[in-house]
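A.B. asks: Before I ask anything, let me first share the structure, which is written out below as structure tokens.
The values are calculated or read from the model by the stated rules, or taken from the named source; none is laboratory data. Since we're looking at a predicted model, the values are computed, not measured. Neighbour counts are summed over all protein chains in view; Cβ atoms, including those assigned to glycine, are modelled from backbone coordinates with ideal geometry. Areas reflect the complete protein model, heavy atoms only, side chains present, ligands, DNA and RNA absent. Shrake-Rupley method; radii C 1.70, N 1.55, O 1.52, S 1.80 Å.
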Amino acid sequence: ADNEFFIAMEYVHGQDLRRICERGLAVGNFLPLRHAVRIIADAAGGLHYAHTQNDSDGEALGIVHRDVSPQNLVVSFDGVVKVLDFGIAKAANKIVTTRTGQLKGKYAYMSPEQVNGLEVDHRSDIFSLGTLLYEITVCTRLFKAETDVQTIKSVSEAIVKPPSQVRPEFPRDLEKIVLKSLALDPRERYQSGREFQEAL
């Protein structure tokens with residue numbers, strides 16, 4: 001417009017998941033389980049959409065968000081979940097690539113392969129979303145430690161205490177979904193956002 005480039009973005013009238021959870025903790029009224037599960041299920045559907053995009057020639061773009069975190073999930077006041085900020089997303093066919101071993105994103109929400117500087121695909125986002133699912137249903141941080149080094153070590157080992165060991169009343173069917181999404185081996189996780197969404 002007037003010889004200036006700009007990006008037009010949707011305004012989402014709502015709050016990000018971090019603020020929702022912080023507010024819930026502050027007033028002792030945390031997210032009801034059914035709402036927490038629905039938020040993650042809808043986010044999984046949004047990620048599936050991004051993961052399965054093709055270019056104009058029909059070739060898969062291979063988009064991986066790489067920064068799925070509470071700040072990047074927004075719940076609008078009319079109940080729509082949005083996955084935001086693909087700013088560090090990686091497409092398989094992009095010309096400029098991140099240097100091997102360079103970490104981008106929030107350590108506590110990365111996948112083991114991401115913190116180890118390995119090649120990542122869409123299943124890395126599944127792990128990150130699984131971390132969010134754990135945290136907002138168990139109501140505790142999963143991998144966050146006192147230092148970044150400790151956090152990275154915790155993520156790379158992906159040792160997950162089953163939710164029912166933290167909260168005995170935790171539904172066993174949901175626990176199976178949580179643990180599958182957080183498998184250390186990407187081949188043992190849900191293989192698509194749609195599969196994760198349908199399980200939830």
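A.B. asks: Could you work out how far helix 148-157 tilts from the main Cα principal axis of the chain, as a 0 to 90 degree angle to the nearest 10?
C.D. replies: 80 degrees
A.B. asks: Within the chain, how many Lys pairs sit with Cα atoms under 13 Å apart, leaving out pairs fewer than 8 places apart on the same chain? Mind dumping the intermediate values first?
C.D. replies: Working: 90/104; 106/144; 144/153; 161/176; 161/180.
Lysine pair count for the chain: 5.
A.B. asks: Relative to the longest principal axis of the chain, what angle (0 to 90°, nearest 10) does the C-alpha long axis of helix 122-138 take?
C.D. replies: 30 degrees
A.B. asks: With a 1.4 Å probe and every protein chain left in place, tell me how much accessible area residue 153 has, in Å² to the nearest 10.
C.D. replies: Estimated to the nearest 10 Å², residue 153 gives 110 Å².
A.B. asks: Can you pull the one-decimal nm distance between simple spin-label points at residue 10 and residue 84, each 7 Å off the Cα toward Cβ?
C.D. replies: If labels sit at residue 10 and residue 84, their model points lie 1.3 nm apart.
A.B. asks: What is segment 111-200 by shape, rounded, prolate or oblate, if you read a ≥ b ≥ c off the alpha carbon gyration tensor as root eigenvalues and call it rounded for a/c under 1.5, prolate for a/b larger than b/c, and oblate otherwise?
C.D. replies: On the way: a/c = 2.21, a/b = 1.12, b/c = 1.98.
Oblate, since a/c reaches 1.5 and b/c is not below a/b.
A.B. asks: With +1 on each Lys and Arg Cβ and -1 on each Asp and Glu Cβ, and nothing else charged, work out how big the dipole of the chain is about its Cα centre, in Debye to the nearest 20.
C.D. replies: Magnitude of the dipole: close to 720 debye.
A.B. asks: Right, another one. Rolling a 1.4 angstrom probe over the protein chains, ignoring ligands and nucleic acids, what is the accessible area of residue 86 in square angstrom, nearest 10?
C.D. replies: 80 Å²
A.B. asks: Expressed as an acute angle from 0 to 90° and rounded to the nearest 10, what is the orientation of the C-alpha long axis of helix 33-51 relative to the principal long axis of the chain?
C.D. replies: Once rounded, one gets 20 degrees.
A.B. asks: Any idea what the dipole of segment 1-82 comes to, in debye rounded to 20, about its Cα centre with Lys/Arg Cβ at +1 and Asp/Glu Cβ at -1?
C.D. replies: 700 debye
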